[in-house]
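Let me begin by presenting the structure, written as structure tokens, before commenting on it.
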Amino acid sequence: MTEIETPKVVKKKLFSPIWLLPIIALALGAWLGIKSIRESGVEVQIHFPSATGIDVGKTLVRYQGLTVGKVVDISIDDDLQGVYVDLLMDYRSTPFLRDETKFWLVTPKASITGVEGLDALFSGNYIAIQPGEGDYNSEFIAETQAPPVAPGADGLMITLTSPSLGSLDVGSQIFYRQIPVGKIVSYQLVDDERIVFNAYVQKQYAHLVKTSSHFWNVSGLSVDASLSGISVKSESLSAILAGGVSFSSNSEDDRAITNQQFTLYDNEDTALGGTQFTLLAKDADTIQTGATIVFRGLVIGRVDKSVLVENGVQFHATIDSEYAHLIGANSQFWPSGADISLSGIKHAARLLTGSVLSFSPGTGEPLAQYTLQEQPPKLDIEPLVLTLTAEENPGVKTGAQVRFKQLPIGQVTQVNFNHDFSGVNYQIEIWSEYQALVTQGSYFTPESALAIEASLDGVSVNTRDLDTLTIGAISLVQGNSNKQSPLTKPLHLFASADKAKQYFNSIEQLNITLASADGAGLAAKSPIYFKKMRIGEVKKVTWQSNSEDFAITLAIEKEFKQLIRENTVFWRNSAMSIDASLSGVKVDVAPLDGAIKGSVSLGLLENGQMGNQHHLYGSEALALATAVPIRLTFSATTKLSANAPIRYLGHQVGQVESVSLNADLSSVDVNAYLYGNYADKFVATDAQYFLVDAQISLSGITAAETLLTGPYVSVLPGQSAKSVNHFSGLMQAPAALPGDDLVVTLKDNSLGSVKVGTPIIFRGLKIGEVKHYRLADDGTGVIMAAHISDKYQHLINTSSQFWDLSGIKVDIGLFSGAQIDTGSLETILAGGIGVATEQVSSTENQLSSNNAFVLHDKPEPAWLTWAPAQTKSN
């Protein structure tokens, strides 16, 4: 019977993974669609008066330099009053599109106040946007001009009102004490009667604008001309050309708030105002409208108008605000005209201008009305008498005024020579009410009849009155102390404020004396610099015969005294220094004043390094290397020149600064420097300096590099604890040099062909050379110093013999015939000294400093057979 298999039942899966693909594709498509719609941009419409300067597809919309949209369409509005400009804005700009958002067209614009929209000159016109507050909006009306303050700017906006525009324009600057602090950003006519200016003050200067500030126009030039002089004032060149506004500030008052309104006055006098009052007189015979009010010869106010009243004439007058503190309840006024007498005419100008109102100060609160006196009041107070001294008379005569801040406070009563005719003495009187102005440290300077100050900020021409021109005047400059000046000591009358400053600076200056071998081309008044900033000057340069150098006295100004420390160094400056290398050329030019007069620079070494505050180095490099100055004396035959190196075993340890011929014409003085880190051993009393120059002989050329560079100085260190700075130099190397452990002394009747460099030969091999030779003290022969190299010194001992190998030796005998003895080609041409040793070197036959060998003409035959087995000791 066939068995039937049971069928397997498989459950069908509810979800197949293949369906994930269309779901993912659908999600991706939806996301791309949403992203495309979201980033497609935002449409905005702006109404402009015209489409001039706007191109479809080209004109961009920018916010702080970033492109946020562009123009996509332009159409004419229904009323034909302008055009609609359609913009496509970046989708990220949506938060900026609010009711108060502003759009305007930026185009290049040049005016006398400056250039605006300069970037549009290169990139083309563009539409700028300034985000604002409010609800979302997509329709706007374009601004006719840029907003007063650029986006992101911070400062103070205020308004100024004036009855006329004057010379002001958009961009005219606002000044405070001639410093530009803001500008006029816009103006408009209001009520057909006044001009309202919108002004912007920069943030860092906004605190200067107070609720009590006064603003006035400073456009153009202000000329005040009268018989007493001419005064021409201007705020700056830009104010002359483009107009400007200035203002006052009182630090004690409250700060102004945004959009606070101020009145714009025509000039400073009107703005600052003064104290107003009235004068009552019987008639107006002596005083007219416009008459000036004078105190001690200085104009402090004026009569504004005159009015007829029941009991006489009433004058309305004003005292300028800067002198308002002088007027008080007991002040007095009286007319003063020209004074004609047999001695001459005093105040002759008043014959043409009329009388003035003289004034005496008072105390207490000023009155609303004063009575005009017919005669000046009598003053019974004795003046303060002082004596002034000056080097010469600057044109001040008896009767000249003494002034303080242009206000007369006394007069000169006497001018004469002092007792030894070395200067001029002045006796002056200071009126009693100004006696307290003379304090300790006070001094006086003469006034100029004509003063001209010209700069980029403006031109100021000031003239004084006729008295200043004819008899002169002097001004008091107060000292820093509040204590009264002692009356027993004469005060100074300096020729100028600069002379006074120099005098007081010299008292507090720090004086330093430096030594220099050649004076460094300096003279009195040569400047001293620190990092190219002037910090003092050379006081004097004197020759010191005992040390044969120059003493240079420096005067360092008091505020730079702290620069004089243990690590301070000084060096002379060159008018121009050029440092050329493969990396480039560096040209350093000294300041003009220093280039003409010569100059000194001060520098600071690194902390921990000790500088020399008593020597003037020849260059910055030597100063910063803490070089030690030395002086060498060589024979006049030397060819040594400036900047030649000083070397020890081939290493440069210093350099020559200058070479000068001595008065004896047989020697030269060499001023040189040793670098600070090497100087200790080379200034010892037993240090040796010698000249190294090329020597050309048949044996070759020694010091060949000096053929190109010139000779140099070599030095051997000393061991002495004492040091000196003056050495006698040798024209050739001394007998002993460092590194040569064995020096052999050879004696011969004559020098023959031996020269410096003649080789010492052992079995045909060079083991040393002659380094020095000299005539014996008794003149009977020549002593030569042969230096044996360190690795061959074991070959030489007391049993050694030396002979001359130079040239060709011929021995002719009658029966023996001719015998010719020659060495190598080198010994034939350049000479040489042979050596042979009989015994093995040991402690018994080792050489001492007293050993000397005779240099034989030829060797004994037995010498040539010596061949001891020498062993080099460790």
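Readers should treat all values here as calculations from the given coordinates under stated rules, not as data from a laboratory. The shown structure was predicted, so the numbers you read here are calculated from the model rather than taken from an experiment. Reconstructed Cβ throughout: ideal geometry from the backbone, glycine too, with neighbour counts over all protein chains shown.
Rounded to the nearest 0.05, what FRET efficiency do Q478 and N677 give with R0 = 45 Å and r taken as the Cβ-Cβ distance? Could you check? Could the numbers behind the result be given before it?
Values: r = 54 Å, r/R0 = 1.21.
For Q478 and N677, the calculated efficiency is 0.25.
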Want the number for L80 to T289: 0.36 nm per residue separation, take away the alpha-carbon distance, what's left?
69.1 nm
When the chain is fully extended, how far beyond the present Cα-Cα distance does T439 get from K282, taking 0.36 nm per residue of separation?
52.1 nm
Going by Cα centres, segment 268-327 and segment 604-663 are how many Å apart?
77
I want to check the label-to-label distance for N416 and F504. Put each point 7 Å from Cα in the C-beta direction and report it in nm to one decimal.
3.1
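To one decimal place, what orientation-averaged projected area in nm² is obtained for the convex hull of the Cα set of segment 627-734?
Numbers: hull surface 28.0 nm².
Averaged projected hull area, Cα only: 7.0 nm².
Subtract the Cα-Cα distance of L649 and T371 from 0.36 nm times their separation in residues, and report this length gain in nm to one decimal. Numbers along the way, then the final one.
Numbers: separation 278, 0.36 × 278 = 100.08 nm, distance 10.15 nm.
Contour length minus the Cα-Cα distance gives 89.9 nm.
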Quick one: which of K489/K539; K540/K561; K203/K405 span more than 22 angstrom between C-alpha atoms?
K489/K539; K203/K405
Sequence gap at least 6, Cα distance under 8 Å: using those rules, report the relative contact order of segment 627-734 to the nearest whole percent.
33
Rounded to the nearest 0.05, FRET efficiency between N749 and T709 (Cβ-Cβ, R0 30 Å) equals 0.20
H47-D154 FRET efficiency (beta carbon distance; Förster radius 30 Å; 0.05 resolution):
0.45
